[in-house]
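Here the structure is laid out as structure tokens; the discussion comes afterwards.
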Amino acid sequence: MSDTKNFMFLNRRAPYGTIYAWESLEVVLIAAAFEQNVSLMFVDDGVYELTKGQDTAGIGMKNFSPTYRTLGDYEVRHMYVDKASLEARGLTADDLVEVEWEDWETEESVDNIVEVVDSDRVAELLEESDVVFSF
Amino acid sequence: MPIEVDGKTLETDEEGYLVNLSDWVPGVAEVMAKEDDLELTQDHWDIINFLREYYEEYQIAPAVRVLTKAVGKRLGKEKGNSKYLYGLFPYGPGKQACRYAGLPKPTGCV
């Protein structure tokens, strides 16, 4: 389809405390219906959105972290995480959820579409995007 | 508008979705289906149960497209299409089946 654009959702904030992370996730879920190339980027405190083992019982908010794991079903092909942001917070790829992707017709699959990338690549990916939504 | 299920009064929102997801029992689907003049078969329950499992795992109600693909994969290709799902749930598999399953309305569903 010629009018397919590369959409990049840039996530920069911690998952709770503000509504940004959840709003971003909801827009991503909706965007999937429009058959665009959707990618997500996590930088700064946004990397916390993908951490495993979140428990929101103490703050009385819904824990939406399991929802990221279904994004492959919503045809999100790439979830990039900024390496420097991870390192600055003492985190590694092992602390992050894994998201599987599968083409249901061809059964082509990717075990994990979450990818840690360096700052140069972050800049490059943002540059390549047609539309960047920043949250 | 609250509904009566197994002698208990359960709160629903203005569109008929359960307010408290934890209130759900199979009787909820039965009562809601009866109000819609629909008789639930095993085929309906397969979808309702799938929705509940999906929600349990991912904490959202799936978009119809995702539901359709997942049903095709889990329950057989002949069932993974909107014609089949609308046949079971004429008000829309997203809206109606999610309501019966005690889930919120799918994101992006108007």
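Which condition number does B:Arg74 fail, the rest of (1) at pLDDT below 90; (2) over 30 Å from A:Thr106 (Cα atoms) being met?
Here B:Arg74 clears every test but (2).
Being among the acidic types (Asp, Glu) and without any contact (Cβ under 8 Å) to a residue 12 or more places away in the chain is the filter here, so list the residues in the range B:1-13 that pass it. Please lay out each step first, then the result.
Step one: filter the range B:1-13 for residues among the acidic types (Asp, Glu), giving B:4, B:6, B:11, B:13.
Passing the criteria: only B:Asp13.
Cβ-Cβ below 7 Å, separation at least six or inter-chain, first residue in the range A:23-35 and without any contact (Cβ under 8 Å) to a residue 24 or more places away in the chain and at the interface with another protein chain (Cβ under 9 Å from one of its Cβ atoms), second in a helix (DSSP H, G or I) and buried (at least 16 other Cβ atoms within 10 Å of the Cβ): which pairs?
A:Ala33/B:Arg65
Which condition number does A:Val81 fail, the rest of (1) out of contact with any Phe, Trp or Tyr (no Cβ under 6 Å at 6 or more places or on another chain); (2) farther than 28 Å from B:Pro104 by Cβ being met?
Answer for A:Val81: the failing condition is (1).
Can you give me the ranges of the helices (runs of 4 or more DSSP H) entirely in the range B:23-110 with at least 3 residues that are over 24 Å from A:Ile30 (Cβ atoms)? Give the derivation first.
Working: elements: B:26-35, B:42-58, B:64-75, B:82-88.
Once the helices (runs of 4 or more DSSP H) in the range B:23-110 are filtered for at least 3 residues that are over 24 Å from A:Ile30 (Cβ atoms), what remains is B:26-35, B:42-58, B:82-88.
Can you find, within the range A:21-60, the residue that is modelled with the lowest pLDDT among those that are under 17 Å from A:Gly72 (Cβ atoms) and in a strand (DSSP E or B)?
It comes out as A:Asn37.
Output the number of the condition that A:Ser39 fails; it satisfies all remaining conditions of (1) touching a residue at least 12 places away in the same chain (Cβ under 8 Å); (2) among the polar types (S, T, N, Q); (3) within 12 Å of chain B (Cβ to nearest Cβ).
Failed condition: (3).
Report whether or not A:Glu108 is exposed (fewer than 14 other Cβ atoms within 10 Å of the Cβ) and closer than 26 Å to B:Arg65 by Cα. Full working, then the answer.
Working: exposed (fewer than 14 other Cβ atoms within 10 Å of the Cβ): yes; closer than 26 Å to B:Arg65 by Cα: yes.
Here the answer is yes, as A:Glu108 does meet what is asked.
Does B:Lys95 count as within 14 Å of chain A (Cβ to nearest Cβ), charged (D, E, K, R) and within 21 Å of A:Ala33 (Cα to Cα)? If you could, list the steps in order and put the result at the bottom.
Details: within 14 Å of chain A (Cβ to nearest Cβ): no; charged (D, E, K, R): yes; within 21 Å of A:Ala33 (Cα to Cα): yes.
Spelling it out, it is not the case that B:Lys95 is within 14 Å of chain A (Cβ to nearest Cβ), charged (D, E, K, R) and within 21 Å of A:Ala33 (Cα to Cα).
Looking only at the range A:52-90, which residues are in contact with a strand residue (DSSP E or B) (Cβ under 7 Å, 6 or more places away or on another chain) and away from every other protein chain (no Cβ under 14 Å)?
If the condition is that a residue be in contact with a strand residue (DSSP E or B) (Cβ under 7 Å, 6 or more places away or on another chain) and away from every other protein chain (no Cβ under 14 Å), then A:Lys52, A:Arg77, A:His78, A:Met79, A:Tyr80, A:Val81, A:Asp82, A:Lys83, A:Leu86 are the ones that fit.
The values are calculated or read from the model by the stated rules, or taken from the named source; none is laboratory data. Bear in mind the structure is a predicted one, so any value in this text is a computation, not a measurement. Neighbour counts run over all protein chains shown; Cβ positions are idealised from the backbone, glycine included.
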